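Colleague: Sending over a structure as structure tokens; questions will come in a sec.
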Amino acid sequence: MTSTSTRSLQRLPEDLTLSAQQLSKLSALSIYTTKDLLSKTDLELVELCDWDPASVREVTRRVARWIAPGAENALQMYRAVNADHSKSAFFRTELELLDRLLGGGIPCSTVTEIVGPSGCGKTQICLTLTVLAASALLRTRNELSPSDHTQRICGVVYIDTEGAFSSQRLVEIACIRFPDLFAPTTPTTRQNLQNLTESVHIIPVQNSHELIQRLESLQSFIITHHVRLIVLDSVASLVRREFAGDTTEERERDRNRVGDRRGAMWERSELLVREAATLKFLAESFHIPVVVTNQVTTKFGEGEIAKRMRVREEGENEVEEGEEKATSDANSFVAAALGNTWAHSVTTRLVVEYAPTPASLLQRRVRIAKSPMAPRGRVAYRIEASGVVQADDGVGSGIDANGVGDGLERIRTR
């Protein structure tokens with residue numbers, strides 16, 4: 001089942017919408033999605049719905065145009081993007097320099113990836129973005145009318161594959177970052193905080209197939225709960241658990257069985273493509289940002305690959321893929337996991353990494369490694385009780401004139 005086949009017929013655009021009677025008739029026949037409708041022939045629909053052939057052809061034509069729209073020119077696209085001024089094209093991260101480099105923030109209607117080694121604050125960034133998204137309406141209304149009481153909170157879907165989500169940390173970020181709104185000192189702020197925590201919907205996921213099922217069933221949930229942001233933390237942990245083997249013996253066995261390994265890699269790529277397609281569909285359909293985190297892996301040069309082959313033949317321990325271990329080969333480096341298939345599926349890639357300075361050995365920075373609009377750039381940040389905040393310019397923040405291709409993107413570890 002693809003993302004287009006799960007589109008609800010209730011969400012047809014205005015110029016293609018069906019009548020209330022038509023939708024009611026289809027719902028009575030358990031025809032709810034585009035797949036349900038288009039999987040039936042015109043003759044079957046004529047018999048089931050008791051419609052004339054011309055009406056059936058018009059209904060299927062409208063649905064087909066929705067999932068396979070015709071070509072349009074740049075002017076039409078530009079007008080469509082700017083038609084609804086109530087929808088922002090960007091979601092601000094509150095890292096001022098990063099938002100400026102990105103043209104306004106994380107782009108809506110797209111998938112943004114945050115990749116980096118453990119301990120760099122990927123989950124902390126996600127929690128901070130969650131607070132910002134959930135409180136966006138309340139903060140805007142409070143700025144316009146500070147005397148207003150509690151207001152509606154935006155929804156956030158947080159898909160947790162690693163068990164790293166912390167409700168205590170979420171509350172801490174909200175209370176310290178926006179004390180006037182969420183510090184539990186008055187009945188109004190206590191109600192605001194309750195509304196905030198109720199609006200963040202955590203979905204634990206154990207495997208890739210469950211993740212795809214969850215994503216494909218999110219459409220009505222997004223509408224009902226006014227979801228403003230989707231977070232997936234992380235995309236790599238599931239496929240790594242499922243395709244790496246549980247023990248050293250299993251991993252060694254899979255390496256020796258070339259056919260099985262190729263089949264597993266093909267299955268992994270197929271799952272990643274389906275996940276990416278569904279995430280893109282949700283982002284585009286609801287004009288919301290989708291943020292996913294990714295892990296890192298070690299890439300090896302030819303010299304290191306030959307060395308690893310000798311080590312395996314001699315029966316010694318070898319470095320597992322994904323471990324952040326230093327190697328003796330100058331061509332070995334740490335890069336984003338999941339390979340080119342996934343790299344080409346995300347619109348924007350932000351790399352978080354360690355960038356030590358004499359003043360702070362644990363200084364971190366975020367780099368714009370891939371973006372269709374923004375230049376390559378980097379911004380220093382630090383993690384505080386209030387979440388992720390921009391740090392002083394100690395690592396050369398700003399536009400980066402140098403850079404390498406996405407496939408060779410080096411990531412600095414601790």
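Colleague: Restrict the check to region 144-157 and report whether at least one residue is surrounded by 15 or more Cβ atoms within 10 Å (Cβ to Cβ) and at pLDDT 95 or above.
Modeller: Initial filter on region 144-157 (surrounded by 15 or more Cβ atoms within 10 Å (Cβ to Cβ)): 150-151, 153-157.
From the residues that got through so far, the ones that are at pLDDT 95 or above too are 156-157.
Yes; the residues of region 144-157 include at least one that is surrounded by 15 or more Cβ atoms within 10 Å (Cβ to Cβ) and at pLDDT 95 or above.
Colleague: Scan region 337-373 residue by residue and report those that are crowded, with 18+ Cβ neighbours inside 10 Å, touching a residue at least 40 places away in the same chain (Cβ under 8 Å) and part of a loop (DSSP other than H, G, I, E, B).
Modeller: Across region 337-373, the qualifying residues are 337, 338, 345, 346, 347, 355, 371.
Colleague: Looking at (1) surrounded by fewer than 15 Cβ atoms within 10 Å (Cβ to Cβ); (2) assigned to a strand (DSSP E or B), which is the only condition residue 180 fails?
Modeller: If we test residue 180 against (1) surrounded by fewer than 15 Cβ atoms within 10 Å (Cβ to Cβ); (2) assigned to a strand (DSSP E or B), just (2) comes out false.
Colleague: Still on this structure, I have one more. Which one is nearest to residue 160 (Cα to Cα), of the residues in region 183-192 that are in a helix (DSSP H, G or I) and out of contact with any Pro (no Cβ under 6 Å at 6 or more places or on another chain)? It would help to see each step written out before you state the result.
Modeller: Step one: list which residues in region 183-192 are in a helix (DSSP H, G or I), which gives 187-192.
Among the residues that remain, those that are also out of contact with any Pro (no Cβ under 6 Å at 6 or more places or on another chain) are: 187-189, 191-192.
Numbers: 187: 31, 188: 30, 189: 27, 191: 26, 192: 24 Å.
The extreme case among them is 192.
Colleague: Which count do you get for residues in region 200-226 that are surrounded by fewer than 22 Cβ atoms within 10 Å (Cβ to Cβ) and not in a loop (DSSP other than H, G, I, E, B)?
Modeller: 16
Colleague: Mind listing just one residue for me: the one in region 21-57 that is exposed (fewer than 14 other Cβ atoms within 10 Å of the Cβ) and of a type in the set (Asp, Glu) and, of those, farthest from residue 220 (Cα to Cα)?
Modeller: Selected residue: 52.
Colleague: Taking region 89-112 only, how many residues are in a strand (DSSP E or B) and in contact with a Ser or Thr (Cβ under 7 Å, 6 or more places away or on another chain)? Don't jump to the end; show me each part of the working.
Modeller: If we filter region 89-112 for residues that are in a strand (DSSP E or B), which is where we start, we get 90-91, 106-107, 111-112.
After this cut, where a residue has to be in contact with a Ser or Thr (Cβ under 7 Å, 6 or more places away or on another chain) as well, the list is 106-107, 111-112.
Counting residues in region 89-112 that are in a strand (DSSP E or B) and in contact with a Ser or Thr (Cβ under 7 Å, 6 or more places away or on another chain) gives 4.
The values are calculated or read from the model by the stated rules, or taken from the named source; none is laboratory data. It should be emphasised that the depicted structure is a prediction, and the values quoted were computed from it without experimental measurement. A quick note on method: Cβ atoms are made from the backbone with ideal geometry, for glycine too, and the neighbour counts reach across all protein chains shown.
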